[in-house]
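Have a look at the structure below before the remarks.
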Amino acid sequence: MMHEYTIESKTRQEMINVTDIVQQAVAGSGLESGLALCFVPHTTAAITINEDADPDVKRDLLYKLEKEIPQADGYHHAEGNSDAHVKASLIGASELIAFDEKRLVLGRWQGIYFCEFDGPRRRRIIVKVGSFA
Amino acid sequence: MMHEYTIESKTRQEMINVTDIVQQAVAGSGLESGLALCFVPHTTAAITINEDADPDVKRDLLYKLEKEIPQADGYHHAEGNSDAHVKASLIGASELIAFDEKRLVLGRWQGIYFCEFDGPRRRRIIVKVGSFA
Amino acid sequence: MMHEYTIESKTRQEMINVTDIVQQAVAGSGLESGLALCFVPHTTAAITINEDADPDVKRDLLYKLEKEIPQADGYHHAEGNSDAHVKASLIGASELIAFDEKRLVLGRWQGIYFCEFDGPRRRRIIVKVGSFA
């Protein structure tokens, strides 16, 4: 039960809520309980879990990452996106989330986000769902 | 086999060793071998694995995070805890640890830590244990 | 199906490609589809996924981590490697990768890296492979 989804980012740095996508993969599995792995097959993007209420949290997270890890910073990689590679490794390529009674086990304020660090681009996310007991 | 535990943090930033809690969930599962997912359902807290010997390692980790990501820093989010949201995404909401012969497979110096970034608060951690072979 | 491998780092900070090691563990499992957990049992090393093409990406990642998290920085831990402990928690102790048709599900440019932050040392990585459906 592995699903692939396409995401279109609109700007260089952007957090896109993918909670519904992961929840749909879980619901579609027919499983009552298990784990969902949400993974990006890219090296300048990432997956994180953070607040799904005030959009300023997303703004502040991207603002701080950009402030500390600007695009130009003595890098050697010729593509000019080494900052995005650094951010990708700091945030991480995946999140693993439990589900129970066909629902993701997330806290009240949590959402799952695709993090774009070198957009705009067409991107993919992979969700693998399985039982775990 | 999903367990929820309550943790009381005492200060704004704090690392609390939860290795014994995760080990108990593993032992209580009755399984010989598998995986344990340790997860926080919060957006201003995190889970990490680091040294479980000299307490100065915890002090130094929190010191450095606070030095680079102070509470006030041009943030927009009105709750005044955007630094905690940033730290939460950098450290991550979960750790996945293998176990074998009913014991967590950790290195000699490793412990599992709940990281509080916006305490003091009553917090929850969720541990899901399952077989994996 | 848990395997342990030995790695020899040559310098204080180094990224070593371990994709082939993880792929071998997957192939050796005989499983068609599942998950592979790649884990370091150390507190001054980490696992990440990043670009497996231009070696400058590795150079730039280590350069930026060293620039922002230098070895000397008001730390208390007497071993002089607190920077390595900080980097270890920021990058993370493990990566979980799906596999299908006996092949790791990685993007075209992705590789799995062992990250040394306090070498040179003899290190271990642990790979646990299991089915997941």
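For chain C, the per residue solvent-accessible surface stands at 37 Å², with DNA, RNA and ligands left out and a 1.4 Å probe.
Counting only DSSP H runs of at least 4 residues, each contributing -39500 (n - 2.57), and dividing by the residue count of chain B, the helix-based mean residue ellipticity at 222 nm comes to -8000 deg cm²/dmol. Relative to the longest principal axis of the Cα atoms of chain A, the long axis of helix A:82-91 makes an angle of roughly 30 degrees. Relative to the longest principal axis of the Cα atoms of chain B, the long axis of helix B:19-29 lies at roughly 30 degrees. Using only side-chain charges placed at the Cβ, +1 for Lys and Arg and -1 for Asp and Glu, the dipole size of the protein assembly as shown relative to its Cα centre rounds to 420 debye.
The mean count of C-beta atoms from other chains within 10 Å of the C-beta of residues in A:110-118, rounded to a whole number, is 1.
For the segment C:50-61, counting C-beta atoms of other chains within 10 Å of every residue's C-beta and taking the mean gives 6. Across the stretch A:2-130, the relative contact order, built from alpha-carbon pairs under 8 Å that are at least six residues apart, equals 55 percent. Take the Cα of A:E66, step 7 Å toward its Cβ, do the same at C:A133, and the gap between the two points is 4.6 nm.
For the residue pairs A:K64/C:K87; C:K67/C:K102; B:K128/C:K67, alpha carbon separations beyond 29 Å are given by C:K67/C:K102; B:K128/C:K67.
Peptides B:107-114, B:39-46, B:64-71 ranked from most to least packed, by the mean per-residue count of other Cβ atoms within 10 Å: B:39-46, B:107-114, B:64-71. Label zone of C:E101 (point 7 Å out along Cα→Cβ, amide N under 18 Å): in the stretch A:112-133 this covers A:126-128. Assuming a ≥ b ≥ c are the square roots of the Cα gyration tensor eigenvalues, decide whether the protein assembly as shown counts as rounded (a/c under 1.5), prolate (otherwise, with a/b larger than b/c) or oblate. Here the protein assembly as shown falls in the rounded category. Restricting the calculation to Cα atoms, the stretch B:2-130 shows an Rg/Rh of 1.00 when the hydrodynamic-style radius is the Kirkwood one.
For the stretch A:2-130, the residue among A:G74, A:I125, A:L35 whose Cα projects farthest onto the positive side of the dipole built from Cβ charges is A:I125.
Residue ranking by accessible heavy-atom surface, 1.4 Å probe, largest first, among B:E95, B:E32 comes out as B:E32, B:E95.
Along the stretch C:123-133 the Karplus relation, 6.51 cos²θ - 1.76 cosθ + 1.60 evaluated at θ = phi - 60°, assigns HN-Hα couplings of 10, 10, 10, 10, 10, 10, 10, x, 7, 7, 8 Hz to successive residues, with x for each Gly and Pro. Note on the stretch A:1-41: along the principal axes its Cα atoms extend 38, 17, 13 Å, ordered by decreasing extent.
For the stretch B:2-130, the carbon plus sulfur part of the accessible surface works out to 47%, probe radius 1.4 Å.
Under a 5 Å amide H cut-off, with hydrogens placed 1.01 Å from N, A:V105 pairs with A:A98, A:F99, A:D100 among residues at least 5 apart or on other chains. On association of chains B and C, roughly 2500 Å² of accessible area becomes buried (total for both chains; probe 1.4 Å).
Look at the stretch C:67-77: the mean tally of other chain Cβ atoms within 10 Å of its residues' Cβ atoms is 4. Angle of helix B:56-68 to the longest C-alpha principal axis of chain B, folded into 0 to 90 degrees and rounded to 10: 40°.
In this Cβ point-charge picture (+1 for Lys and Arg, -1 for Asp and Glu), chain C has a dipole of about 240 debye about its Cα centre.
The values are calculated or read from the model by the stated rules, or taken from the named source; none is laboratory data. Since the model is a prediction, treat every value here as computed from it, not as a measurement. With ideal geometry, Cβ positions are generated from the backbone for all residues, glycine too; neighbour counts draw on all protein chains shown. Areas reflect the complete protein model, heavy atoms only, side chains present, ligands, DNA and RNA absent. Shrake-Rupley method; radii C 1.70, N 1.55, O 1.52, S 1.80 Å.
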